[in-house]
Amino acid sequence: MSLTLEQVQRIAHLARVEVSESEALATQGQLNGIFELIEQMQAVDTRGVEPMAHAQDLSQRLRDDAVTEADRRAAYQSVAPETEAGLYLVPKVIE
Amino acid sequence: MIHSSLKALSAALASRQISSVELSTLFLDRIDRLNPEINAFVTVDREKTLAMARAADARIAAGNAGPLTGIPIAQKDIFCAEGWLTTCGSRMLSNFVSPYDATVIRKMHAEAGMVSLGKTNMDEFAMGSSNETSYFGSVKNPWDRSRVPGGSSGGSAAAIAARMAPAATGTDTGGSIRQPAGLCNLTGLKPTYGVVSRYGMIAFASSLDQGGPMAGSAEDCALLLNTMVGFDERDSTSLDRPAEDYARDLDKPLAGLRIGLPKEFFGEGCDAKVMAAVQSAIDEYRKLGATIVDVSLPNSHLSVPAYYVIAPAEASSNLSRFDGVRYGYRAPEYGNLDDMYAKTRAQGFGGEVKRRILIGTYVLSHGYYDAYYLQAQRIRRLIANDFVEAFKTCDVILGPTSPSTAFKLGEKSADPVQMYLSDIYTIAVNLAGLPGMSLPCGFVDGLPVGMQLIGNYFDEARLLNVAHRYQQVCDWHLRRPDGID
């Protein structure tokens, strides 16, 4: 299998990573090299094997529905690129 | 003093032979002198370090010190530490001063009274095996400054090897503690998945990531592991287990121990001189009373392919949080919101991180999920089952940590696949979630060779015992690079 240039650009769009035409070309070659490695998996018959998502067989813990964190909004927003009145600012999305 | 074990440093602090301020200053001065060339540290803050050292001295004076109170340590820059720049080796977080402590950091600072010397360089978001993907430049291996220290915990490894720190934290998703430990003549341990909290440890591949200690000996690693572990309700996969002392079995004799050698780790693909060093370690173990048995991990050749589906899939999801909105880098110029995301991520991430995000996005996308992601998870099961079988006939598994000694800076950085294959012996351990460690077992042309020990789930104390007994009869781990005195 090998990725086309259009597929690389499509994936980059899905991942929200801007790529120029020349970057996409370079990336295409590298990704196809990596997929060549990954393709070894396809020769393996895994019918009947339960997929393993995780190293430990855990179920999600539940906790009481109670406030456990202190209000640290100011501290957390101090590292944001742009805030105002406790809100994160982004370019306008609704006209 | 700088070459002392943590146990010896602890005794020196307890007997007031030295204060934590004096000890920390000793290492800070070495960082000032050696770091400009080695580049092991990204951030050093003398005032913060000395404030912690003074607090530790007060604790020692008040008589409520723990075994590691006042001991300086270097922290991999993947661990959030309140008030410290925490970059994860990325431009994306090059301005991120963490507003909170990772659990590992809180345990070391608040509970153990340890003193952080600074934050160490690393491959960007822990994605790399040479430390060359760091936004802050590559790190030089103190054993040969034209070579890589390994990665992703390469800064931590180089810091200890050049004795800019007596110990360090690392994290290991596919070998990132064990491989640099091997290439820098250190002892490092990746615990069983779930034993060390991942809270505040910047996520790469959440089902594989695990923090652990890097130091000069198995005994030091045991002491550090004691401070790092424990149930944490802030980590959804943290395991609630009874506390244990990982140093309890260090001196246990090895008579009767069954060491398994997987034939897949002793075939072609490994440098012959590296293999010879590992073989002499096996002979040492025979002398120590261990029995050597042959085992097989028939699916281990699939671990690199399966890993390069699973880890990028999880990474593409984890790294979607870096969008220029809540923290970190934001592109200076952009149009609409989508453009802001795309430019921020294009500029904030380096090439390797972007490659892995793209692989992950692809294998999780509609139409490819079953063929890649589910197939990789099924192979992960086969790999884990291989270990279950192997541990029916042996107690620990032994092999090389890496197929070669430290390679040259730039040697593999242009070819991602060659770089990925340098973790061929370490990755299966992460997929299975087992504990593994690397310890020094010799030299090839002046460069350190690491051997890997793999244990069954929760068998860290036994691994440390097996490593410690070896370090009682061999002195490889005490050798120092030229010019480091």
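Things to note:
- Which listed residue is more than 9 Å from chain B (Cβ to nearest Cβ) and either of a type in the set (D, E, K, R) or within 26 Å of B:ALA331 (Cα to Cα) (or both), from A:GLU36, A:GLU21: A:GLU21
- Identity of the residue in region B:442-485, acidic (Asp, Glu) and at pLDDT below 95, that ends up farthest from B:LEU261 (Cα to Cα): B:ASP485
- Against the criterion of being closer than 17 Å to B:GLU219 by Cα, surrounded by fewer than 19 Cβ atoms within 10 Å (Cβ to Cβ) and out of contact with any strand residue (DSSP E or B) (no Cβ under 8 Å at 6 or more places or on another chain), B:VAL417 does not qualify.
- If you check B:ARG345, B:ARG355, B:ARG326, B:ARG286 for being surrounded by fewer than 24 Cβ atoms within 10 Å (Cβ to Cβ), part of a helix (DSSP H, G or I), of a type outside the set (Val, Ile, Thr) and within 7 Å of chain A (Cβ to nearest Cβ), only one passes: B:ARG355.
- Number of residues in region B:404-435 that are touching a Ser or Thr at 6+ places or on another chain (Cβ under 7 Å), within 18 Å of B:PHE266 (Cβ to Cβ) and either part of a loop (DSSP other than H, G, I, E, B) or not β-branched (Val, Ile, Thr) (or both): the value is 5.
- All conditions in (1) under 25 Å from B:ARG345 (Cα atoms); (2) facing chain B (nearest Cβ under 7 Å) hold for A:HIS13, with the sole exception of (2).
- Evaluation of B:VAL196 against the conditions (1) touching a strand residue (DSSP E or B) at 6+ places or on another chain (Cβ under 9 Å); (2) within 14 Å of chain A (Cβ to nearest Cβ); (3) within 13 Å of B:LEU434 (Cβ to Cβ) shows that the sole unmet condition is (3).
- Some residue of region B:180-199 being touching a Cys at 6+ places or on another chain (Cβ under 7 Å) and farther than 20 Å from B:ASN131 by Cβ: no
- Selected residue (criterion: surrounded by the fewest Cβ atoms within 10 Å (Cβ to Cβ)) from residues of region B:358-375 that are in a helix (DSSP H, G or I) and among the small types (Gly, Ala, Ser): B:ALA371
- The number of residues in region B:211-246 being within 14 Å of chain A (Cβ to nearest Cβ), out of contact with any Gly (no Cβ under 8 Å at 6 or more places or on another chain) and of a type outside the set (D, E, K, R) comes to 2.
- Residue, nearest to the other protein chains (Cβ to nearest Cβ), within region A:68-83, restricted to residues that are in a loop (DSSP other than H, G, I, E, B) and of a type in the set (Val, Ile, Thr): A:VAL79
- Selection count, region A:12-23, where residues are surrounded by fewer than 18 Cβ atoms within 10 Å (Cβ to Cβ) and assigned to a helix (DSSP H, G or I): 5
- The set of residues in region A:34-55 being assigned to a helix (DSSP H, G or I) and either loosely packed, with under 15 Cβ neighbours inside 10 Å or not aliphatic (A, V, I, L, M) (or both) consists of A:PHE35, A:GLU36, A:GLU39, A:GLN40, A:GLN42, A:ALA43.
- When we screen B:PRO298, B:PRO312 for residues that are at pLDDT 95 or above and more than 10 Å from chain A (Cβ to nearest Cβ), the only hit is B:PRO298.
- Exclusive hit being within 30 Å of B:MET419 (Cβ to Cβ), of a type in the set (A, V, I, L, M, F, W, C) and either part of a loop (DSSP other than H, G, I, E, B) or at the interface with chain B (Cβ under 8 Å from one of its Cβ atoms) (or both), set A:LEU31, A:LEU62, A:LEU58: A:LEU31
- With respect to the conditions (1) among the aromatic types (Phe, Trp, Tyr); (2) buried (at least 22 other Cβ atoms within 10 Å of the Cβ); (3) within 14 Å of chain A (Cβ to nearest Cβ), B:TYR100 falls short on a single one, namely (2).
The values are calculated or read from the model by the stated rules, or taken from the named source; none is laboratory data. The shown structure was predicted, so the numbers you read here are calculated from the model rather than taken from an experiment. Neighbour counts run over all protein chains shown; Cβ positions are idealised from the backbone, glycine included.
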